[in-house]
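The values are calculated or read from the model by the stated rules, or taken from the named source; none is laboratory data. No experiment lies behind these values; they were computed from the predicted model shown. No Cβ is skipped: glycine too gets one built from the backbone with ideal geometry, and neighbour counts run over all protein chains shown.
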């Protein structure tokens with residue numbers, strides 16, 4: 001096993017030409033074989049961006065240490081896709097060389113929802129299922145939780161950027177917010193931070209009360225439980241609202257710092273009980289729960305697809321990009337999908353249903369490319385309008401602020417890349433998963449708080465505190481990879497000015513990222529053109545409502561109160577005086593300073609929702625009904641986090657899996 005690790009990391013150290021199809025131009029032509037081919041090209045600016053994607057590998061200290069220690073005589077070479085032999089594979093079963101021309105169900109997207117949906121629908125042996133995925137299968141290195149930030153700049157993500165918005169992300173490259181989304185068999189669950197949260201009961205009860213029958217908390221709870229295989233959580237797994245028999249492993253992180261106990265103790269001091277934060281009965285602070293098993297990532301693909309490869313009625317096609325849903329304009333019935341695989345365009349028909357599970361960006365984009373969307377936008381890019389609907393016109397996202405950092409006067413207590421990523425830690429992770437490499441980006445705890453700014457009449461939090469056993473400076477110091485800050489696209493000027501001293505000295509730190517759970521501000525997305533390989537235009541409209549800013553400031557004040565408790569003062573916690581270049585006209589630690597700081601380091605948590613929002617007939621903003629059928633179109637559903645109609649107190653991976661579970665039952669019921 002160690003030899004395999006050395007081989008992998010040695011190869012990884014020389015980099016890889018990871019692609020970015022950001023601006024690929026697609027042209028369809030016919031040749032003598034009457035086969036349509038897809039030709040693409042990249043602009044020079046794209047080629048330069050492609051080269052920049054290599055930094056997170058060539059600078060990886062774990063790679064360097066392992067190579068220098070175990071393979072000092074290795075001579076690299078410039079490879080193509082050198083990772084192919086490391087990847088998982090999904091060959092067609094039964095010796096097939098090509099997929100069928102027709103299936104009962106065609107699912108677009110093998111992410112958190114699509115993977116479980118394909119698994120459940122293929123349980124009917126009389127039904128055939130095709131699962132199309134634009135990305136590649138995952139590989140061994142994506143299993144390492146600590147490497148999550150490295151994969152933000154690789155072929156395993158869609159390199160989406162929000163449109164420029166003045167006054168947010170001012171400390172990011174080009175002043176634009178980076179929105180990477182998973183592009184893999186397993187979707188975003190292959191590159192995320194693996195945090196398992198379900199949302200508060202009130203979140204789901206309010207969704208149901210808006211006319212979405214079947215979506216109350218008690219009704220969705222059974223589907224959360226169906227997937228879950230909880231273990232190693234100190235007895236929490238035995239509670240009646242948890243399950244130990246599902247496919248998706250959920251556990252506590254095996255390696256923790258002393259700072260998590262300080263976080264929980266400080267929470268209790270301020271009135272926040274230590275609890276299972278997924279409990280429907282109380283708010284509180286708790287150890288982070290992750291979709292891992294023995295310190296290894298468990299993606300949706302691992303949980304739901306890996307053991308299904310030999311099923312003859314389930315065909316999984318990676319590297320296959322859907323470009324259009326085929327809809328009969330007379331009957332408004334979906335009957336198939338066009339997709340591109342190996343630069344050749346194919347058509348597949350669906351006898352029963354077409355199901356979009358491509359995520360909150362790609363699912364609405366595909367609907368619009370197929371003629372379902374806002375009339376004005378579709379007509380402006382030359383797409384015939386089949387159904388005028390507000391697709392993409394509502395977009396909520398969770399954003400956080402990673403810049404409230406507290407220096408400690410104690411050494412060796414926080415996570416640091418210098419100590420976490422070395423040969424000894426790598427070997428320990430391979431043996432039993434118990435090493436610093438099992439930490440999901442240093443996250444150790446979750447705390448829900450309701451700030452004084454909230455006007456919610458019920459006990460619903462407006463902030464989630466993501467407790468870190470360190471801070472975003474943990475990837476720095478001499479020889480550090482700086483992968484976290486680069487993954488967020490923070491400029492060197494901003495980072496060095498704000499945190500240069502503690503970064504250079506490698507000081508121990510503590511921080512928590514406040515995540516705005518229920519923003520009043522919301523955005524939208526629209527097509528840029530009719531090219532299915534272009535990214536849509538995405539507008540976040542972050543912090544355009546003053547209450548969102550006030551909530552962030554209140555959350556930072558609460559973090560300062562936590563740091564002032566005896567639990568953190570035992571480590572000498574002291575707020576770092578961050579010098580943001582754009583905030584020098586404000587008084588440090590004033591409300592105005594913190595607003596400026598939040599606008600400088602505005603980071604998404606990749607939780608976009610509501611772009612294909614769910615609602616009953618008569619809801620002018622709804623795209624799908626409570627059974628996830630597209631309004632006015634037969635045999636077409638959307639099954640992913642884009643259907644969530646309003647903000648929820650949760651990271652979206654677990655809700656997306658739940659949506660896949662629930663949708664599978666609804667579809668099975670439809671077709672008996």
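Worth a mention:
- Residue pairs whose Cβ atoms lie under 6 Å apart, separated by 6 or more positions or on different chains, with the first residue in the stretch 163-182 and on the phi < 0 side of the Ramachandran plot and in a helix (DSSP H, G or I) and the second surrounded by 19 or more Cβ atoms within 10 Å (Cβ to Cβ) and modelled with pLDDT under 95, are 173/489.
- Of all residues in the stretch 237-256, those satisfying the criterion of being within 18 Å of residue 201 (Cα to Cα) and either in contact with a strand residue (DSSP E or B) (Cβ under 8 Å, 6 or more places away or on another chain) or crowded, with 22+ Cβ neighbours inside 10 Å (or both) are 242, 243.
- Residues of the stretch 627-672 satisfying the condition of being over 28 Å from residue 385 (Cβ atoms) and without any contact (Cβ under 8 Å) to a residue 24 or more places away in the chain: 669, 672
- Tallying residues that are farther than 20 Å from residue 328 by Cα and not in a loop (DSSP other than H, G, I, E, B) within the stretch 379-397 yields 3.
- Among the residues of the stretch 139-171, the ones that are touching a helix residue (DSSP H, G or I) at 6+ places or on another chain (Cβ under 7 Å) and farther than 25 Å from residue 114 by Cα come to 7 in all.
- Among the residues of the stretch 420-439, those identified as crowded, with 22+ Cβ neighbours inside 10 Å and either assigned to a loop (DSSP other than H, G, I, E, B) or without any contact (Cβ under 8 Å) to a residue 60 or more places away in the chain (or both) are 421, 435, 439.
- The stretch 215-226 - residue that is within 22 Å of the chain's Cα centre (by Cα) and crowded, with 22+ Cβ neighbours inside 10 Å and, of those, farthest from residue 120 (Cα to Cα): 220
- Candidate set from the stretch 520-554 (those that are closer than 30 Å to residue 567 by Cβ and touching a strand residue (DSSP E or B) at 6+ places or on another chain (Cβ under 7 Å)); member that is surrounded by the most Cβ atoms within 10 Å (Cβ to Cβ): 552
- Exclusive hit being assigned to a loop (DSSP other than H, G, I, E, B) and buried (at least 21 other Cβ atoms within 10 Å of the Cβ), set 445, 470, 487: 470
- Filtered residues of the stretch 385-404 (kept if in contact (Cβ under 8 Å) with a residue 40 or more places away in the chain, surrounded by fewer than 23 Cβ atoms within 10 Å (Cβ to Cβ) and over 30 Å from residue 602 (Cα atoms)): 386, 387
- Every condition in (1) crowded, with 24+ Cβ neighbours inside 10 Å; (2) over 20 Å from residue 615 (Cα atoms); (3) modelled with pLDDT of 95 or more holds for residue 417 except the one numbered (3).
- Residue 283 fulfils the conditions (1) touching a helix residue (DSSP H, G or I) at 6+ places or on another chain (Cβ under 7 Å); (2) farther than 25 Å from residue 144 by Cβ; (3) in a loop (DSSP other than H, G, I, E, B) except for a single criterion, (1).
- Hits in the stretch 184-228 (condition: in a strand (DSSP E or B) and in contact (Cβ under 8 Å) with a residue 60 or more places away in the chain): 184, 195
Here's the yes/no breakdown for (1) touching a strand residue (DSSP E or B) at 6+ places or on another chain (Cβ under 8 Å); (2) buried (at least 20 other Cβ atoms within 10 Å of the Cβ); (3) closer than 30 Å to residue 450 by Cβ:
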{"site": "613", "(1), (2), (3)": "yes, yes, yes"}
{"site": "619", "(1), (2), (3)": "no, no, yes"}
{"site": "630", "(1), (2), (3)": "yes, yes, no"}
{"site": "636", "(1), (2), (3)": "yes, yes, no"}
{"site": "652", "(1), (2), (3)": "yes, yes, yes"}
{"site": "663", "(1), (2), (3)": "yes, yes, no"}
{"site": "669", "(1), (2), (3)": "no, no, no"}
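- In this structure, residue 96 qualifies as on the phi < 0 side of the Ramachandran plot, touching a residue at least 40 places away in the same chain (Cβ under 8 Å) and surrounded by fewer than 17 Cβ atoms within 10 Å (Cβ to Cβ).
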